[in-house]
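A.B. asks: Structure below; questions to follow.
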Amino acid sequence: MENKNSEIVASCPAKALNFNVILKEIENENVTSFGFDTSNLSDKNEKYRRAVIVSLGPNCPKDDENPINVGDTVMYDHYKTSPLTLNGIEFKTLMWGDLVCTV
C-alpha cells in the first residue's frame, strides 16, 4: 500500500498553501459475499470517504500527538471538499480541520 500511495503523491504537481490539504480519493470496494459489487450504490450516500494526502499546507499543525503526513490514508468529509483537476487528474481540496481520522 505504501508504494501505491507514493505513486499517488507523485502524480500531484501542486503544493497546498495555508491550512489547505490536497487529497486523492480512493475508491471503496464494496463486494458482497455473493460477489455483487455495490460500490456505486453505497458510495453515493456516504458522507465520509477515504483518500491519500498528496500535499499539506505549511500552516497545518505538525505535532507529535496527531502526526499527519503526506502519503497517509485518511477519512474526510465529502461534502466539505472542492474539486481540483490538474493534468487531467482529479483531486480534492479541503481545510485541515475537516479531516476526520487516519486509517
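A.B. asks: Going by C-beta contacts inside 10 Å, put C12, C101, C60 in order with the fewest on the left.
C.D. replies: C101, C60, C12
A.B. asks: Using alpha-carbon pairs under 8 Å, 6+ residues apart, how would you state the relative contact order of the chain in percent?
C.D. replies: Once normalised by length, the contact order is 32 percent.
A.B. asks: Note the listed values (i) -0.78; (ii) -0.71; (iii) -0.94, then indicate which one is log10 I(q)/I(0) by the Debye sum over Cα atoms at q = 0.17 Å⁻¹ calculated from this particular structure.
C.D. replies: Answer label, from the structure shown: (i).
A.B. asks: Starting at the first residue of segment 86-92, write each ³J(HN,Hα) from the Karplus equation 6.51 cos²θ - 1.76 cosθ + 1.60 with θ = phi - 60°, in whole Hz, x for Gly and Pro.
C.D. replies: 10, 6, x, 10, 8, 10, 10
A.B. asks: At what distance in nm do the modelled label points of D72 and F34 sit from each other, each positioned 7 Å from its Cα along Cα→Cβ?
C.D. replies: In this crude spin-label approximation the distance works out to 4.0 nm.
A.B. asks: Starting at the first residue of segment 6-18, write each ³J(HN,Hα) from the Karplus equation 6.51 cos²θ - 1.76 cosθ + 1.60 with θ = phi - 60°, in whole Hz, x for Gly and Pro.
C.D. replies: 5, 5, 5, 4, 5, 7, 9, x, 9, 10, 5, 10, 6
A.B. asks: Would you count, across the chain, every pair of lysines whose alpha carbons are under 25 angstrom apart, provided the pair is eight or more residues apart or spans two chains?
C.D. replies: The result is 22.
A.B. asks: Separation between the L84 and C101 pseudo-spin-labels, each 7 Å from Cα along Cα→Cβ, expressed in nm?
C.D. replies: Placing both labels 7 Å along Cα→Cβ, they lie 2.6 nm apart.
A.B. asks: Let me ask another. Please turn the phi angles of segment 65-80 into ³J(HN,Hα) values with the Karplus equation 6.51 cos²θ - 1.76 cosθ + 1.60 (θ = phi - 60°), one per residue in order, whole Hz, x for glycine and proline.
C.D. replies: 6, 10, x, 10, 10, 4, x, 6, 8, 10, 9, 9, 7, 4, 7, 9
No lab work stands behind these numbers, since they all come straight from the coordinates. Fair warning: this is a prediction, and the values are worked out from it, not measured in the lab. For neighbour counting, all protein chains shown are included, and Cβ atoms are generated from backbone atoms with ideal geometry for every residue, glycine included.
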